[in-house]
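The values are calculated or read from the model by the stated rules, or taken from the named source; none is laboratory data. Being a predicted model, the structure only gives us computed values, none of them experimental. Glycine gets a Cβ as well: all are built from the backbone with ideal geometry, and neighbour counts include every protein chain shown.
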């Protein structure tokens with residue numbers, strides 16, 4: 001494949017992955033019922049850690065989208 005096509009496919013899949021991370025982090029940051037039911041009741045995580053996990057997901061999605069942060073991505 002040509003380098004331009006590879007670069008376009010890279011950014012398409014990177015944006016899709018970051019979008020999934022962002023949309024899965026929103027309920028965690030807002031601390032709504034579904035994350036509490038799943039993470040606290042089923043998995044046994046403390047309730048206070050759910051918000052921190054959501055913030056980590058958001059920061060990870062931002063780090064993936066910024067092109068100059070190669071060290072943070074790995």
For the subset of region 23-74 comprising residues that are within 22 Å of residue 7 (Cα to Cα) and modelled with pLDDT of 85 or more, which member is surrounded by the most Cβ atoms within 10 Å (Cβ to Cβ)?
61
Looking at region 9-18 only, could you name the residues that are closer than 15 Å to residue 67 by Cβ and either surrounded by 11 or more Cβ atoms within 10 Å (Cβ to Cβ) or touching a strand residue (DSSP E or B) at 6+ places or on another chain (Cβ under 7 Å) (or both)?
11, 14, 15, 17, 18
